[in-house]
Each structure stands twice: as C-alpha cells, then as structure tokens.
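Below is one structure; the comments refer to it alone.
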Amino acid sequence: MTRDPRYDILFEPIKIGPVTAPNRFYQVPHCNGMGRVFPDSMIAMRGMKAAGGWGIVCTEQCDFHHTADITPYTETRMWDDADIGYLAGMCNAVHEHGSLAGVELVHNGHTVGNLYSREIPIGPSHRPVEANHYPGQARAMDKQDIRDYRRWHRDAALRSKKAGFDLVIVYHGHDGTVPSHFLSKRQNQRTDEYGESLENRLRLYRELLEETKDAVGDTMGVIARFAVDEMMGSDGLEWENEGREALEMIAELPDMWDVNVSDWSNDSMTSRFAPEGYQEDYVRFVKQVTSKPVSTVGRYTSPDAMVTAIKQGVVDLIGAARPSIADPFLPRKIEEGRPEDIRECIGCNICVAWDMLSAPIRCTQNPTMSEEWRKGWHPEQIAQKTSESHILVVGSGPAGLEAAHQLGKRGYQVTLAEARGEPGGRVSRESRLPGLAAWARVRDYRLGQMREMVNVETYLDSELTAEQVLEFGADHVCLATGATWQHDGVGRANRYPVPGMDRNTILTPDDIMDGKRPAKGPVIVFDDDHYYLGGVMAELLVSEGHDVTIITPETMVAAWTRYTLEQGHIEKRLKQAGITILTRRNMLRISGSEAVVLNTLTDQEETLQGAVVSVTMRLPNDGLYNDLMALGEGPLKAGIKSIKRIGDCLGPAMIASATYEGHRYARELDTNVDIDVVPFKREHHKLELA
C-alpha cells in the first residue's frame, strides 16, 4: 500500500537548529516508570518508537543534579558521567532507525523532597515541599545558588552531547520545575533581578536557553518546552497575558518551541474531559510570534487532525506521548497507507497511573508496552502458530477480543462465541456512559483487525453450556466470560455483606447499564471502588433528573484517580452537576428507602433518604469454567487439551489488565510455561560489595 498524498506533509523533514528531523512526528518527553531503575526496558521501549517511525524520540524528565532527586519516581538522571552509559544506549537504539534522540533536562525544585540524596530542596522562595506531603521545606536560592544551578544545567547539556543526543529540551512547564517556579508570581516573591517583573522572573529561563545554546548549540538542537497557560485564571499564567508576553520576549532564542498547558493534570487530560487537539486554542498564537518550528500535544491519533493542525498554522510538528504509547507504529502505518490499523489511544491515563506508582507503564490499548525487552514482545509482530489447533474463545470483552485477535494473527483457527447480541463486553457497555465513548476503541480496533481474518469466526447470541463446549470439538478453550458487580456491599471497607443490601433492594452498575433505574427521587451512589465508575454513575443519574448523593469511605471522591490525574476534574464536574459528595462515609445498613451510614470521622451514624446504587466489587463469571471442571475427564475425552480463564473471569481488574491477559494467552499458547520460573527477564545491577 502507498501513502495517501493528503498526509505527505506529515513526512516532510524539519530543521531544528543544526539537526534535521526526518518527519513531523515528535514523541515528546514522557515518563514511563522505567528510566534509571529499568534501563534496558526503557531503551527497548524508546527504540521501538523509533522503529515505528517517530522522527524524534525523547527521554522522560532527566534530573540533572542530586538536589533534584525525584525518588521514589523512576525517571532518568544526568547527575554525573556515570549516567552517560545507559542514556547513550537509548541514543543508539533511536539512531538505529534514523530518528533523532532528545533529552529533557529537569530540576524539580521545591516539588521534590530529595528522599534519596537527602539534600535540602531549593527554589526561588522558601516553600513547603509539594511531593507526597513531605514535611520539609525548600530554601530560597541565593545568587551563588543560581550561578551553581546554571552551571549544573550546562554541565548536564555537555554530558548529553557526550551521550549522543541530538536535541536537548530546556524544560519550563507543569508548575514542576525551577524555571516555572521562578516565572510564577505565586511561587516567586523575590525582590532582586530574578523577581517581581515578568522580565526578571523569566531571566533564569532565558539564561538557561542562552547558555545551553552556547554549550551545545553547534551540534544539538535546543528545544524550549514551555507551558503558556496554567488554566487557573488570573491566579496563574494565562496565555492571553503573561504567557504570551513571556514567549514573545524569548521567541527567537531556542531552535524549536514545544508548548503546552499546565499543570500535568491539564496537559494530559483524559478523553472524559477533553477532545483530541484540545490544546490548540491555547497555543495557536505561538507561530504568530516566532519563526522557529512549533509543536504541541493533544492526544492526536487522527492523521486528518494532524494535517489540519499543520495547515492551519497551529504547529509544525505533531507532539505525542500517549498516542505513541498506544501505538508506537502510528507514523509507520500512516506512511504505509494503512491508517485504519492505528491502535488509537483511548485517553484513560493508565500509562500515567503506573508511572505515578513507580512501576513500568501499562497501556489499555497496547499490552506490549514495557514488555519489549522484558518479554521480547513486539507491538506489531507475533510468532506464527506451531500447531493446527482450533481455539474456542468464549466471551468477546476486552480479554476475549485481544486473545482472538492475536490468535488469529498467529494463524490459528479461532471461534469467538459471545452470549450477548453485541461484541465488546464491558467496553461496549461502559462506552455508552457519560464521557467514556473512547472506551469503544478497545473493541473497534480489534474487530476491525479480525474482520480481515478468514480464520476467525464470531458468533453472537451464543451462550454456551459445558456440554456444548465439549461437543464443539475445539483443541483449546479460552474462557473470557467477564465479571459481575455485586449487590451485597462487600468491598474494600466492608468484608461482610451489609444488612439490607440484596438483589431486591440495590442496583449496581450492571443494572444501570442494562437499562434498570431507581424509582423517581433521591439516589445514593455508594462508591467503594474509588475508580471512575462511581462518579460516572452519579453523573448519569443526575442527568436523568435524580437528586444524587455520592458517598465513599475514602477521604476524597474517586480517590484512585489521583494516579490518572482525574480526581480534581471528577470532583469539579460532580459539584457543577449539583451532586452532593460525602467522604468518610461507609454503608452500615439499608432499611426500606433509608440508608444508614457511618461518618468515620465523627463515629456518628447518619440517615440518608434514597435508592442505593452500589459500586463496590465484582465477582468472576466463572460458572462455565466450574461446570467444565466438574465434568472430570470429560473435556480430555472430548479432545480438549487446555481450558483457561483470562481477564475478569480469572481476576476482575481494569480493562488494561484484561487486554494484557488476552494478549498473554495468545502468545503463550502451544508453549511450555513453567509457573515456577519468573516469566520475564529482570535487570540485575553490578554490586560494589558481594
């Protein structure tokens, strides 16, 4: 296939100072939970992006001094020459495919507590440390500190050159770096030449750009990564005012501008709160004030949206983090004339969550992310079949779809049986809820891929019994029958059923998605799940005219979404919808139309009026598996070599876990898996003392 000429502009080379990017696809710096701790994994992941056609591939933030120790987070470091080795390895992996390698030099100032280095944090003014509620403070930098800081940054740029990087990103964004703290009026109360006026507050960033250009600008492009708006009104930077003025003052200094909004929760908003290209209105002015190339992000997955952003003069390069995670081969697919094969990001921020948890990132759409080195998984390639086996996959939710897709790709004969009248399982059902339409991409991508496979057959409205499975004649049976939300209140806070919560009195998310509704009147959503679905249930019911109260045993609503950067957005939306939020409330009992809850702060019981929707936990739909196991040697006599559960049927979790388990099943079929052996490579460090 050949590239659609409409997309030719995406593959034009772009000159960035002394270097030239081969195309307009820019994998912006993004964290990944690997970095210095799992460097082999990080290197393989970045190399895969280059293989997939990203013209520029960058590191995550690279801390350039031990006074900027971001422990426990696992980013890269450029503290001294000892860090050059593994970063050079990343450069080599990127250069192997003709792409440019970029490093983002970062000092987080008062954002971090230096938990490993034990140095006193620094910043423009005396401030409490922000990370992890650490009970310490950053000290205000004096003039010598500022001179030292500039020298550290310059030294790191020179080390970056030695490592083989082509580009250095001077980072000013997300309210998380020393330059952004100096620019911020609320963070900088200095009265010297680094404080008060906009020109003074911008001085440090100007000096960093000038000195970086002087140190390495002969062979390396210098990129300014700059947040133009903090999306907090006059309390912060606004693009119409100081954001634009600041950029105008230094418009021609860097070789390229990478512009975005701040903080990270706004820059990486989920699809529930922002559409594709949502940052364009904030950064559209930048190309009007600089002659240098400009890039921004916005969860771009559509080549048409990319072309439009370029032709309308918004940007010159398409920046992406999450889309490059969901599909490392996105550029290559456009170049080869098959954009329909793009594995589109659903904007769920599971990648962000795993980095926030200091673990290698995961992706709902791309189960191979972070497994490139560890397991040798390639996002586009999978081993061909080693037998003529026929596999029956029961259930077409995310696990079943991924298993069937990858088994079909391997060349096996696959039959996919779905009990309902539509494929997709939970992703189809949840994608019809407020804000979750992008969830359907999990289903649509896999169905689109399987549509071209003659060896994969799908049957809807096909609920199977154990006897029918035996009669079917498959060699292997894969059970992906999902899970069901419970009615009894058992979850994280309650380990025993709550009196009065039973099938006759309580509704669950499954009931709501099946079309059932509480009687007209007030509704209480009991959220002991702490992820997105409790808030979505509340949002749906209030939109249908109910007076809704959401209660949670946690100290904040949707507490786990702190890791996906959504918690603040969710809380704001619920409040705007008129939903009452009661935290530290646990369900005690239900009596008629009354719910008695315990205020765990006051130890007082409170009575609430209304029907209850319970969002607590799910149980596997493993009845078919149990029925098959009860048949003893029946499956073996029927010629079935294996029966396995995957996804929510094995262990209810998030959608990303289901797609991973489906992918793993397909990879491991017809292989010898020793459950006593660690199923992946591990990084081992040379010990000074042994």
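The values are calculated or read from the model by the stated rules, or taken from the named source; none is laboratory data. These numbers come from a predicted model, not from an experiment. Quick reminder, even Gly has a Cβ in these numbers, built from the backbone with ideal geometry, and neighbours come from all protein chains shown.
Before we move on, is residue 387 outside any helix (DSSP H, G or I), farther than 27 Å from residue 560 by Cα and either in the same structural domain as residue 33 (by TED's automatic domain parsing) or hydroxyl-bearing (Ser, Thr, Tyr) (or both)? I'd like the intermediate steps shown before the answer.
Numbers: outside any helix (DSSP H, G or I): yes; farther than 27 Å from residue 560 by Cα: yes; either in the same structural domain as residue 33 (by TED's automatic domain parsing) or hydroxyl-bearing (Ser, Thr, Tyr) (or both): yes.
It is true that residue 387 is outside any helix (DSSP H, G or I), farther than 27 Å from residue 560 by Cα and either in the same structural domain as residue 33 (by TED's automatic domain parsing) or hydroxyl-bearing (Ser, Thr, Tyr) (or both).
Would you confirm, using the coordinates I've provided, whether residue 414 is in the same structural domain as residue 461 (by TED's automatic domain parsing), farther than 24 Å from residue 349 by Cα and either outside any loop (DSSP other than H, G, I, E, B) or hydrophobic (A, V, I, L, M, F, W, C) (or both)? The answer is yes for residue 414. On the given criteria, is residue 153 touching a helix residue (DSSP H, G or I) at 6+ places or on another chain (Cβ under 8 Å) and on the phi > 0 side of the Ramachandran plot? So residue 153 fails the test.
Please count how many residues of the stretch 3-58 are more than 23 Å from residue 106 (Cα to Cα), polar (S, T, N, Q) and surrounded by 18 or more Cβ atoms within 10 Å (Cβ to Cβ). Of the residues in that region, 1 qualify.
Would you confirm whether or not the stretch 666-676 contains a residue that is under 30 Å from the mean Cα position of the chain (by Cα) and among the hydroxyl-bearing types (Ser, Thr, Tyr)? Within the stretch 666-676, not a single residue is under 30 Å from the mean Cα position of the chain (by Cα) and among the hydroxyl-bearing types (Ser, Thr, Tyr). Applying a threshold of 8 Å to beta carbon distances and a minimum spacing of six or more residues, or different chains, the list of pairs starting in the stretch 1-30 at a residue that is in the same structural domain as residue 217 (by TED's automatic domain parsing) and part of a helix (DSSP H, G or I) and ending at one that is crowded, with 16+ Cβ neighbours inside 10 Å and polar (S, T, N, Q) reads 10/23; 11/23.
Taking the stretch 101-121 as the range and being of a type outside the set (D, E, K, R) and either part of a helix (DSSP H, G or I) or surrounded by fewer than 24 Cβ atoms within 10 Å (Cβ to Cβ) (or both) as the test, the residues that pass are 109, 110, 111, 114, 115, 116, 117, 120.
Restricting attention to the stretch 49-96, the residues that are within 24 Å of residue 330 (Cβ to Cβ) and among the hydroxyl-bearing types (Ser, Thr, Tyr) total 2.
On the stretch given as the stretch 519-531, residues that are at pLDDT 95 or above, part of a loop (DSSP other than H, G, I, E, B) and of a type outside the set (Ser, Thr, Tyr) total 4.
Of all residues in the stretch 456-514, exactly one satisfies the criterion of being without any contact (Cβ under 8 Å) to a residue 40 or more places away in the chain, within 19 Å of residue 395 (Cβ to Cβ) and not in a helix (DSSP H, G or I), namely 514. Exactly one residue out of 158, 237, 202, 183 is touching a residue at least 12 places away in the same chain (Cβ under 8 Å) and under 21 Å from residue 60 (Cα atoms): that is 158.
Considering 328, 323, which residue is in a helix (DSSP H, G or I), modelled with pLDDT of 95 or more and either of a type outside the set (Asp, Glu) or touching a Leu at 6+ places or on another chain (Cβ under 8 Å) (or both)?
Values: 328 fails: in a helix (DSSP H, G or I).
Among 328, 323, only 323 is in a helix (DSSP H, G or I), modelled with pLDDT of 95 or more and either of a type outside the set (Asp, Glu) or touching a Leu at 6+ places or on another chain (Cβ under 8 Å) (or both).
For first residues located in the stretch 398-425 and among the acidic types (Asp, Glu), partners that are in a strand (DSSP E or B) and at pLDDT 95 or above and lie 6+ apart or on another chain with Cβ distances below 6 Å do not occur. Applying the set (1) assigned to a helix (DSSP H, G or I); (2) out of contact with any Phe, Trp or Tyr (no Cβ under 9 Å at 6 or more places or on another chain) to residue 452 leaves exactly one unmet item: (1).
Kindly indicate which of 287, 333, 292 is surrounded by fewer than 24 Cβ atoms within 10 Å (Cβ to Cβ), modelled with pLDDT of 95 or more, basic (Lys, Arg) and assigned to a loop (DSSP other than H, G, I, E, B). Let's see the steps before the verdict.
Details: 287 fails: assigned to a loop (DSSP other than H, G, I, E, B); 333 fails: assigned to a loop (DSSP other than H, G, I, E, B).
Sole residue among the options that is surrounded by fewer than 24 Cβ atoms within 10 Å (Cβ to Cβ), modelled with pLDDT of 95 or more, basic (Lys, Arg) and assigned to a loop (DSSP other than H, G, I, E, B): 292.
In the set 226, 165, only one residue is touching a Gly at 6+ places or on another chain (Cβ under 7 Å), closer than 21 Å to residue 323 by Cα and buried (at least 23 other Cβ atoms within 10 Å of the Cβ); that residue is 226. Within the stretch 318-347, residues that are of a type in the set (Ser, Thr, Tyr) sit with their Cβ atoms under 7 Å from residues that are crowded, with 24+ Cβ neighbours inside 10 Å, at 6+ positions apart or across chains, in these pairs: 324/27; 324/49; 324/54; 324/330.
Might you check whether a residue that is of a type outside the set (Gly, Ala, Ser) and over 22 Å from residue 531 (Cβ atoms) occurs anywhere in the stretch 651-662? The answer is no, given that none of the residues of the stretch 651-662 is of a type outside the set (Gly, Ala, Ser) and over 22 Å from residue 531 (Cβ atoms).
Strands (runs of 3 or more DSSP E) wholly in the stretch 575-690 with at least 3 residues that are free of Cβ contacts under 8 Å to residues at least 60 places away in the same chain and not assigned by TED's automatic domain parsing to the domain that holds residue 557 - which ones? Don't jump to the end; show me each part of the working.
Working: elements: 580-582, 585-591, 594-599, 604-609, 611-615, 618-620, 642-645.
Correct list: empty, since no element meets the threshold.
Filter the stretch 467-484 for residues that are surrounded by 22 or more Cβ atoms within 10 Å (Cβ to Cβ), in contact with a helix residue (DSSP H, G or I) (Cβ under 9 Å, 6 or more places away or on another chain) and hydrophobic (A, V, I, L, M, F, W, C) and give the result. The answer is 469, 477, 478, 479, 480, 483.
Results for (1) over 33 Å from the mean Cα position of the chain (by Cα); (2) loosely packed, with under 15 Cβ neighbours inside 10 Å, shown as yes or no for each residue.
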position: 564; (1), (2): no, no
position: 574; (1), (2): no, no
position: 585; (1), (2): no, no
position: 597; (1), (2): yes, no
position: 602; (1), (2): yes, yes
position: 615; (1), (2): no, no
position: 631; (1), (2): yes, no
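Considering every residue within the stretch 138-148, establish whether at least one is in a loop (DSSP other than H, G, I, E, B) and either in the same structural domain as residue 68 (by TED's automatic domain parsing) or buried (at least 20 other Cβ atoms within 10 Å of the Cβ) (or both).
First, the residues of the stretch 138-148 that are in a loop (DSSP other than H, G, I, E, B): 141-142.
Imposing the further condition that a residue be either in the same structural domain as residue 68 (by TED's automatic domain parsing) or buried (at least 20 other Cβ atoms within 10 Å of the Cβ) (or both) reduces the set to 141-142.
Yes - at least one qualifying residue is present in the stretch 138-148.
When the test is whether a residue is under 20 Å from residue 94 (Cβ atoms), in the same structural domain as residue 15 (by TED's automatic domain parsing), surrounded by 24 or more Cβ atoms within 10 Å (Cβ to Cβ) and touching a helix residue (DSSP H, G or I) at 6+ places or on another chain (Cβ under 9 Å), residue 346 does not pass it.
Would you confirm whether any residue within the stretch 532-539 is under 25 Å from residue 562 (Cβ atoms) and part of a loop (DSSP other than H, G, I, E, B)? Yes, some residue in the stretch 532-539 is under 25 Å from residue 562 (Cβ atoms) and part of a loop (DSSP other than H, G, I, E, B).
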